[in-house]
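J.: Mind looking over this structure? Questions follow.
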Amino acid sequence: MIPAAFDYVRASSLTQAIELLRDNPDGAKLVAGGHTLLPALKLRLAAPELLIDIRSVAEIKGIEIGETHVKIGALTTHSELSASEPLNNVFPIFRETARLLADPQVRNRGTIGGSLANADPAADWPAVVLALGAQLEIVGATGRRTVPAEDFFLDIFTTTLAPDEILASIQIPKPKTGTRYAYRKIRHPASGFAVVGVAIAVRMLDGVVDEASIGITGATNHAFVGKEAAEFLTGKALTRDNIDEAARMLSENTECLSDRYAPAEYRANLVRVELGRALLELSQ
Amino acid sequence: MPATASTREVTIEINGLRRTGTVEARRLLVHFLREDLGLTGTHVGCDTSQCGACTVEIDGVAVKSCTVLAVMADGASITTIEGLTDGSGELSRVQKAFHDHHALQCGFCTPGMVMSVRNLLRENPNPSEREIRHGLAGNICRCTGYHNIVRAVESLASEGSVA
Ligand SMILES: Cc1cc2nc3c(=O)[nH]c(=O)nc-3n(C[C@H](O)[C@H](O)[C@H](O)COP(=O)(O)OP(=O)(O)OC[C@H]3O[C@@H](n4cnc5c(N)ncnc54)[C@H](O)[C@@H]3O)c2cc1C
Ligand code: FES
Ligand code: FES
């Protein structure tokens, strides 16, 4: 399969990439790893006039472990997220998730920024950045803004990014000591994407949940935070009954997607089962 | 092909040699390798990023070359299956293990499998059976000969160097 013809520019800075986006309001597309965009171009689901390759933009590369925050450049590949010891010492959920995402070759090329910007309702990283309470740093012609992950995903393949904005980094507040994480997913047997994926962060104090947060992907049009279930758990022990109740609550409050593989009822059940299993994992 | 408005000159180091070519921006790397440079050891199986037959190493990591543009690889260093031997006819270590363990039937998936095995052993020189299967998840063998492929990789585990 051959994409429709397009022009190609390799941008060397964010400023240049943003200018190119502004100068080509209808016909330009950013490309990072290309592992979502190129398959779409080959199927001619998209036919931009200009591809702006941002892989050489040094400003949005790399992982920084700061005093209060961890900053992940949008261009960081799934493999780099998995391999980084400093990152996984703080947030082991990155390795846990990356290993369940696609396959080694795709992980070597695809980026977390591309995944978040694309907002596939079945992508894995959206659940993780939601559970970690991340802030997404966005750069555009008029400057920089920071958006909580919770406000970033708007709909199926739709985010708050304007056409001339670029996702620059993911900034995550460092956790309190003792916070633990889990990511679980039910893989679609053909695509490997999440039919349902659940990311959780839980901190226990004196036998009860001090803080909990839950990110869910796959179930609905876009990834979301399971607020009620997390609030329900706060202050309670992770007993079987409390876990079951939180899982039931999340499942019942979620208007699930339906498709040929997984009708809404089945997805809702997977939400219940997967959150239950993830919490059980952390209760031990 | 002469360079025009929609074409680009690319320079890529391939198997240690500097190669240049003029390509349309939409030219897939795998087509550049196979059709422009005649390096037909890299195969096209699915053309949809699934099967791994087109796997090559770009700057030291395994990538599916049907999902990369030739222009995106401009300036990169690439190793294809042809680059694993020095031309003397000696097989590389991974290739020899495949030969010894009958890890190929029709051979279509083999170049991509070999490139992925190298990627796996670089990251994990002593993989368990489970890790081998997981590490080769991006490669499909239509002859379904996975068992002997796993045995070939097991024979290399903890042997050391990757080449
Ligand atoms: C075989 C296969 C299996 C896969 N399995 C999974 C899976 O199990 N789970 C999963 O989550 N994903 C999966 N993916 C998707 C993969 O993770 C992609 O790499 C990722 O979703 C997109 O990242 P990319 O860098 O390749 O983006 P690209 O394809 O380069 O870009 C995707 C979109 O995002 C835009 N974009 C890219 N970067 C930015 C940025 N910094 N700012 C603004 N816009 C940007 C582009 O314009 C484009 O519209 C799979 C892909 C393949 C090919
Ligand atoms: S031909 Fe590239 S993955 Fe199948
Ligand atoms: S040996 Fe035939 S496809 Fe693998």
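J.: So which residues in segment B:65-90 are part of a loop (DSSP other than H, G, I, E, B), more than 7 Å from chain A (Cβ to nearest Cβ) and either away from ligand 2 (no atom under 15 Å from the Cβ) or free of Cβ contacts under 8 Å to residues at least 60 places away in the same chain (or both), if there are any at all?
T.: Once the filter is applied, which keeps residues that are part of a loop (DSSP other than H, G, I, E, B), more than 7 Å from chain A (Cβ to nearest Cβ) and either away from ligand 2 (no atom under 15 Å from the Cβ) or free of Cβ contacts under 8 Å to residues at least 60 places away in the same chain (or both), segment B:65-90 yields B:74, B:75, B:76, B:85, B:86, B:87, B:88, B:89, B:90.
J.: Just for helices (runs of 4 or more DSSP H) wholly inside segment A:27-118: which have at least 1 residues that are within 16 Å of ligand 2 (Cβ to nearest atom), at the interface with chain B (Cβ under 9 Å from one of its Cβ atoms) and open to solvent by 20 Å² or more (accessible area, probe 1.4 Å)?
T.: Those helices (runs of 4 or more DSSP H) span A:37-42, A:104-109.
J.: OK, next. Got a sec? Which of B:74, B:86 is of a type in the set (Asp, Glu) and open to solvent by 70 Å² or more (accessible area, probe 1.4 Å)?
T.: B:86
One line per residue, one yes/no per condition, for (1) within 19 Å of residue A:131 (Cα to Cα); (2) in contact with a Gly (Cβ under 7 Å, 6 or more places away or on another chain); (3) in contact (Cβ under 8 Å) with a residue 60 or more places away in the chain:
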| residue | (1), (2), (3) |
| --- | --- |
| A:214 | yes, yes, yes |
| A:232 | yes, no, no |
| A:238 | yes, no, no |
| A:243 | yes, yes, no |
| A:249 | yes, no, no |
| A:255 | no, no, no |
| A:265 | no, no, no |
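J.: Something else: Take residue A:22 and decide whether it is out of contact with any strand residue (DSSP E or B) (no Cβ under 7 Å at 6 or more places or on another chain) and not assigned by TED's automatic domain parsing to the domain that holds residue A:138. Full working, then the answer.
T.: Values: out of contact with any strand residue (DSSP E or B) (no Cβ under 7 Å at 6 or more places or on another chain): yes; not assigned by TED's automatic domain parsing to the domain that holds residue A:138: yes.
Yes: the conditions hold for residue A:22.
J.: Another question about this same structure. Quick check on segment B:128-151: of everything there that is under 14 Å from residue B:94 (Cα atoms) and more than 12 Å from chain A (Cβ to nearest Cβ), which residue is farthest from ligand 2 (Cβ to nearest atom)?
T.: B:151
J.: Return the residues of segment A:116-144 that are small (Gly, Ala, Ser) and under 16 Å from residue A:187 (Cα atoms); say none if nothing qualifies. Walk me through it before giving the result.
T.: From segment A:116-144, those small (Gly, Ala, Ser) are A:117, A:119, A:122-123, A:127, A:131, A:133-134, A:140-141, A:143; that's our starting set.
Answer for segment A:116-144, where residues must be small (Gly, Ala, Ser) and under 16 Å from residue A:187 (Cα atoms): A:122, A:123, A:127.
J.: Looking only at segment B:31-64, filter to residues that are under 16 Å from residue A:42 (Cα atoms) and away from ligand 1 (no atom under 14 Å from the Cβ); which one of those is farthest from the other protein chains (Cβ to nearest Cβ)?
T.: B:32
J.: What pairs can you find where one residue is in segment B:100-112 and within 14 Å of chain A (Cβ to nearest Cβ) and outside any loop (DSSP other than H, G, I, E, B), the other is among the acidic types (Asp, Glu) and more than 6 Å from ligand 3 (Cβ to nearest atom), and their Cβ atoms are less than 9 Å apart, with a gap of 6+ or different chains?
T.: B:111/B:82
J.: I'd like to verify a number: residues in segment A:227-242 that are under 12 Å from residue A:212 (Cα atoms), in contact with a helix residue (DSSP H, G or I) (Cβ under 7 Å, 6 or more places away or on another chain) and surrounded by 15 or more Cβ atoms within 10 Å (Cβ to Cβ), how many?
T.: So the count comes out to 5.
J.: Testing residue A:181 on (1) open to solvent by less than 30 Å² (accessible area, probe 1.4 Å); (2) hydroxyl-bearing (Ser, Thr, Tyr); (3) more than 26 Å from residue A:118 (Cβ to Cβ); (4) in contact with a strand residue (DSSP E or B) (Cβ under 6 Å, 6 or more places away or on another chain), one condition comes back false. Which one is that?
T.: Only one criterion in (1) open to solvent by less than 30 Å² (accessible area, probe 1.4 Å); (2) hydroxyl-bearing (Ser, Thr, Tyr); (3) more than 26 Å from residue A:118 (Cβ to Cβ); (4) in contact with a strand residue (DSSP E or B) (Cβ under 6 Å, 6 or more places away or on another chain) is unmet by residue A:181, namely (3).
J.: Test of understanding: among B:69, B:84, B:104, which residue is more than 16 Å from ligand 3 (Cβ to nearest atom) and in contact with a Ser or Thr (Cβ under 7 Å, 6 or more places away or on another chain)? Before the answer, list the steps.
T.: On the way: B:69 fails: in contact with a Ser or Thr (Cβ under 7 Å, 6 or more places away or on another chain); B:104 fails: more than 16 Å from ligand 3 (Cβ to nearest atom).
That would be B:84, the only listed residue that is more than 16 Å from ligand 3 (Cβ to nearest atom) and in contact with a Ser or Thr (Cβ under 7 Å, 6 or more places away or on another chain).
J.: Also, quick follow-up: Return yes when residue B:73 is assigned by TED's automatic domain parsing to the domain that holds residue B:146, modelled with pLDDT of 95 or more and under 18 Å from the mean Cα position of the chain (by Cα) and no when it is not. Let's see the steps before the verdict.
T.: Details: assigned by TED's automatic domain parsing to the domain that holds residue B:146: no; modelled with pLDDT of 95 or more: yes; under 18 Å from the mean Cα position of the chain (by Cα): yes.
Criteria not met by residue B:73.
J.: Now, a different point. Among the residues of segment A:119-148, what is the count of those that are over 26 Å from residue A:198 (Cβ atoms), surrounded by fewer than 20 Cβ atoms within 10 Å (Cβ to Cβ) and of a type in the set (A, V, I, L, M, F, W, C)?
T.: Residues flagged as over 26 Å from residue A:198 (Cβ atoms), surrounded by fewer than 20 Cβ atoms within 10 Å (Cβ to Cβ) and of a type in the set (A, V, I, L, M, F, W, C) within segment A:119-148 amount to 1.
J.: In segment B:94-108, what residues are open to solvent by less than 50 Å² (accessible area, probe 1.4 Å) and more than 16 Å from ligand 2 (Cβ to nearest atom)? Break it down into steps so the answer makes sense when it comes.
T.: Initial filter on segment B:94-108 (open to solvent by less than 50 Å² (accessible area, probe 1.4 Å)): B:94-95, B:97-98, B:101, B:103, B:107.
Those that are open to solvent by less than 50 Å² (accessible area, probe 1.4 Å) and more than 16 Å from ligand 2 (Cβ to nearest atom): B:94, B:95, B:97, B:98, B:101, B:103.
J.: With the requirement that a residue be among the aliphatic types (A, V, I, L, M), farther than 16 Å from residue B:62 by Cα and in a loop (DSSP other than H, G, I, E, B), what does segment B:113-157 give you?
T.: Of everything in segment B:113-157, just one residue is among the aliphatic types (A, V, I, L, M), farther than 16 Å from residue B:62 by Cα and in a loop (DSSP other than H, G, I, E, B), namely B:157.
J.: Within segment B:27-47, can you find the residues that are out of contact with any Cys (no Cβ under 7 Å at 6 or more places or on another chain), touching a residue at least 12 places away in the same chain (Cβ under 8 Å) and within 16 Å of ligand 2 (Cβ to nearest atom)?
T.: Selection gives B:27, B:29, B:31, B:32, B:33, B:39, B:41, B:46.
J.: Moving on. Among the helices (runs of 4 or more DSSP H) lying completely within segment A:169-284, list those that include at least 3 residues that are hydroxyl-bearing (Ser, Thr, Tyr). Before you say what the answer is, go through the steps one by one.
T.: Details: elements: A:227-233, A:240-252, A:264-283.
In segment A:169-284, there are no helices (runs of 4 or more DSSP H) which contain 3 or more residues that are hydroxyl-bearing (Ser, Thr, Tyr).
The values are calculated or read from the model by the stated rules, or taken from the named source; none is laboratory data. Every value quoted in this text rests on a predicted model; they were computed, and no experiment measured them. Every residue, glycine as well, gets a Cβ built from its backbone with ideal geometry; the counts of neighbours run over all protein chains shown. Ligands, DNA and RNA are excluded from the accessible area calculation, which covers all protein heavy atoms including side chains. Shrake-Rupley method; radii C 1.70, N 1.55, O 1.52, S 1.80 Å.
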